[in-house]
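Take a look at the structure below.
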Amino acid sequence: MIEFTLKTEKVTYLSMSGKILSDEDIQPMLIALDAIRNWNIVFDLTELTHTNSSGIAFMVKILTRARINGGDLVILNPNTGLSKLFEITKMHEVFSIYNSKENAINHFN
């Protein structure tokens, strides 16, 4: 099960914890993200311990929505396992990945 916190300020900031293993895990986040108007998004993965193809597909889907709406999505603090997954799937070439919240937010300046 995944827990998340969504905050919208200068950017929309989504902090995730737990595991994304199925579409069922991401459904509450999709509903929350449908209501946002600021499509400059930071996904904070600091507390996300594991994901699979469902999580990667979710992130790509939101990145696509963000870009269609004139924004972007960046990844913050993926752990070693997630970083390796991003490399294996070549997603590190698709997403901008940052290790500090300040740098992630500055991406949108």
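Quick check on the stretch 10-23. Is at least one of its residues out of contact with any helix residue (DSSP H, G or I) (no Cβ under 7 Å at 6 or more places or on another chain) and exposed (fewer than 13 other Cβ atoms within 10 Å of the Cβ)?
no
Considering the stretch 4-27 alone, what residues qualify as being outside any loop (DSSP other than H, G, I, E, B), farther than 15 Å from I62 by Cα and of a type in the set (S, T, Y)?
Of everything in the stretch 4-27, those that are outside any loop (DSSP other than H, G, I, E, B), farther than 15 Å from I62 by Cα and of a type in the set (S, T, Y) turn out to be T5, T8, S17.
Tell me, please, whether a residue that is part of a helix (DSSP H, G or I) and modelled with pLDDT under 95 can be found in the stretch 36-43.
Looking through the stretch 36-43, none of the residues is part of a helix (DSSP H, G or I) and modelled with pLDDT under 95.
Checking L73 against (1) within 22 Å of S53 (Cα to Cα); (2) more than 13 Å from the chain's Cα centre (by Cα), which single condition isn't satisfied?
All conditions pass for L73, except number (2).
Take the residues in the stretch 87-99 that are in contact (Cβ under 8 Å) with a residue 12 or more places away in the chain and under 15 Å from the mean Cα position of the chain (by Cα); name whichever of them is surrounded by the fewest Cβ atoms within 10 Å (Cβ to Cβ).
Across the stretch 87-99, the extreme among qualifying residues is N99.
Is there a residue in the stretch 44-54 that is in contact with a helix residue (DSSP H, G or I) (Cβ under 9 Å, 6 or more places away or on another chain) and hydrophobic (A, V, I, L, M, F, W, C)?
Yes, that holds for at least one residue.
Could you check, for the stretch 43-61, whether at least one of its residues is buried (at least 22 other Cβ atoms within 10 Å of the Cβ), under 16 Å from K7 (Cβ atoms), of a type in the set (A, V, I, L, M) and touching a residue at least 40 places away in the same chain (Cβ under 8 Å)?
No: zero hits.
The values are calculated or read from the model by the stated rules, or taken from the named source; none is laboratory data. As the structure is a computational prediction, the values presented were derived from the model and not from experiment. Heads up, the Cβs are rebuilt from the backbone with ideal geometry, glycines too, and the neighbour counts pull from every protein chain shown.
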